[in-house]
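Trainee: Please find one structure pasted underneath; my questions will follow.
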Amino acid sequence: MAERTHELQKAVAELEAFSYSLTHDMRAPLRTIQSFNEIVLEHGRDKLAPEDVELLRRTIESSRRLDRLVLDLLEFTRISRSPIRLEAVDVEHLIDTIIGERLELQPPKAVIKIQRPLPHVSANPPSLTQCIANLLENAVKFVPAGAVAEVSVYAEQNEAGVRLCFKDNGIGINKKEQDRLFHMFQRVHSTSYPGTGIGLAIVRKAVERMHGQTGVQSELGQGSCFWLQLRRP
Amino acid sequence: MNINAQTVLLAEDDPNDVFLFKHAFESARVDNRLQVVNDGQQAIDYLSGAGEFADRDKFPFPTLLVLDVKMPRKTGIEVLQWLKKQENLSCLPTIMLSSSANPEDVENTYRLGVNAFVVKPQGTESRVDLAKLIKGFWLTFNELPNVCR
């Protein structure tokens, strides 16, 4: 049994390393496709027919989209593979830093209210940063057109530790679709909102590696409340 | 050693990336001579002035070394390891390029004394911005000790 487990762990590690190399190497041909098309567009803007310019633009945009997918896959494999060390993390300071570094999380685009003070949790700082950034970016992205995102961040103490909650005024998620939300490539609002469908899978993987859990409470049209359950330091 | 030469040595095995780097240098109006080698061993031979690179008028010692992290024969990291052991060359400013910011690569190269770790820009606009920054900082404001010229 132990031997079989060891073999399986080795196979998973090899697969993850393979996946990392593959996605890393995909960026080079994508760079060529995007950049060569940009150069052709730049050189030929006045000579090309408008429909050809449009085709080049679409090729460039598709390469960019595929590259975002590759970057998210790289992040997912990195979070799955890299050694992780848990320490006491000041969540309040971490969230202030995340908001301070991202204009899309600040007024006039979004209003994020933090119910202070927030307790410290046991976490890996880069992984928790990634989780919270993904949740906040989703919270401000999935709002009705023209609306300003309003997000409330608060913490609840419970037996298992600390539950960090991110409550938004967004478009909400149908109950039936909530289960598959944290799996790879699952996009509930695929056509109207850009995304790769990997962001929440990264959150789930990172939280699991920090011995925690993640989930959501939501109803369509009623906003969502995503949460991270983590241990106390 | 040609003291007046302001040369940038690029070690890059992907011909498309070489093209894009040259295009960015031209677009950013970087007048410095760009020399290109296609693997890590060639980079070491160039820096040592060995074999085909013996003529320093033709292959001037660079002001800046730009290394791709993944290359055949010797990787960018192996070239950096070699460089830092060379008494007269170890101060040569070196930028490491990679397709992604693998934390292990970033940490290893910084421990070895790299001056910057840069993820290769995917688009032309940001690549030209990078070329302008290289020109503005490393090739204009930065001063090198005499031993590294």
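Trainee: Where Lys and Arg each count +1 and Asp and Glu each count -1, what net charge lies around B:P15 among other residues with Cβ under 13 Å from its Cβ?
Mentor: Working: positive: A:R31, B:K22; negative: B:E12, B:D13, B:D14, B:D17, B:D39, B:D68.
Net of charged neighbours comes to -4.
Trainee: Counting pairs of alpha carbon atoms under 8 Å apart in space and at least six apart in sequence, what relative contact order in percent does segment B:1-72 give?
Mentor: After rounding, I find 52 percent.
Trainee: Need one number: % antiparallel among DSSP beta bridges in segment A:59-197, to the nearest 5.
Mentor: Values: 12 of 17 bridges.
Antiparallel bridges make up about 70 percent of those DSSP assigns within segment A:59-197.
Trainee: Round to the nearest 10 and give me the degree value, 0 to 90, for the angle of helix A:50-81's Cα axis relative to the longest principal axis of chain A.
Mentor: So the helix axis and the longest Cα principal axis differ by about 30 degrees.
Trainee: Relative to the longest principal Cα axis of chain A, at what angle does helix A:2-44 sit, 0 to 90 degrees, rounded to 10?
Mentor: In chain A, helix A:2-44 runs at an angle near 40 degrees to the longest axis.
Trainee: Considering the alpha-carbon set of segment A:1-159 alone, what are its Rg and its Dmax in angstrom?
Mentor: Looking at segment A:1-159, its Cα Rg and Dmax stand at 21.7, 68 Å.
Trainee: For helix A:91-101, report the angle its Cα long axis makes with the longest principal axis of the Cα atoms of chain A; keep it between 0 and 90° and round to the nearest 10°.
Mentor: Orientation of helix A:91-101: about 20 degrees from the principal axis.
Trainee: Report Rg/Rh for chain B, rounded to two decimals, where Rg is the Cα radius of gyration and Rh the Kirkwood radius.
Mentor: Numbers: Rg = 14.2 Å, Rh = 15.3 Å.
Value, to two decimals: 0.93.
Trainee: Find the percent of Cα-Cα distances in the protein assembly as shown that exceed 33 Å, and round it to a whole number. Don't skip to the answer; put the middle values down first.
Mentor: On the way: 33016 of 72771 pairs.
Above the 33 Å cut-off, the protein assembly as shown has 45 percent of its Cα pairs.
Trainee: Calculate how many DSSP beta bridges within the protein assembly as shown are antiparallel, expressed in % of all such bridges and rounded to the nearest 5. Let's see the in-between values first.
Mentor: On the way: 24 of 46 bridges.
Bridges in the protein assembly as shown that DSSP calls antiparallel: roughly 50 percent.
Trainee: Next question. Membrane-span-like helices in chain B: DSSP H runs reaching 15 Å or more (Cα, own axis), mean Kyte hydropathy at least -0.5? Could the numbers behind the result be given before it?
Mentor: On the way: long enough: B:15-27 (18 Å, -0.14).
Result, helices passing both filters: B:15-27.
Trainee: Still on this model: At q = 0.11 Å⁻¹, what is the log10 ratio I(q)/I(0) for segment A:65-186, with the Debye formula run over Cα points and no solvent?
Mentor: -0.43
Trainee: Still on this structure, please answer the following. For segment B:69-149, take every pair of Cα atoms, bin their distances at 5 Å starting from 0, and report each bin as a whole percent.
Mentor: 3, 13, 22, 22, 21, 14, 4, 1
Trainee: Here's a follow-up. Could you count how many Lys pairs in chain A have their Cα atoms under 28 Å apart, skipping same-chain pairs fewer than 8 positions apart?
Mentor: Pairs that pass both the separation and distance tests number 17.
Trainee: Continuing with the same structure: Reachable lysines from B:K120, Cα under 26 Å, same-chain residues fewer than 8 places away excluded?
Mentor: B:K22, B:K70, B:K74, B:K84, B:K132, B:K135
Read the figures in this text as sums done on the coordinates, not as results from a lab. It should be emphasised that the depicted structure is a prediction, and the values quoted were computed from it without experimental measurement. Cβ coordinates were reconstructed from backbone atoms using ideal geometry, including for glycine residues, and neighbour counts include every protein chain displayed.
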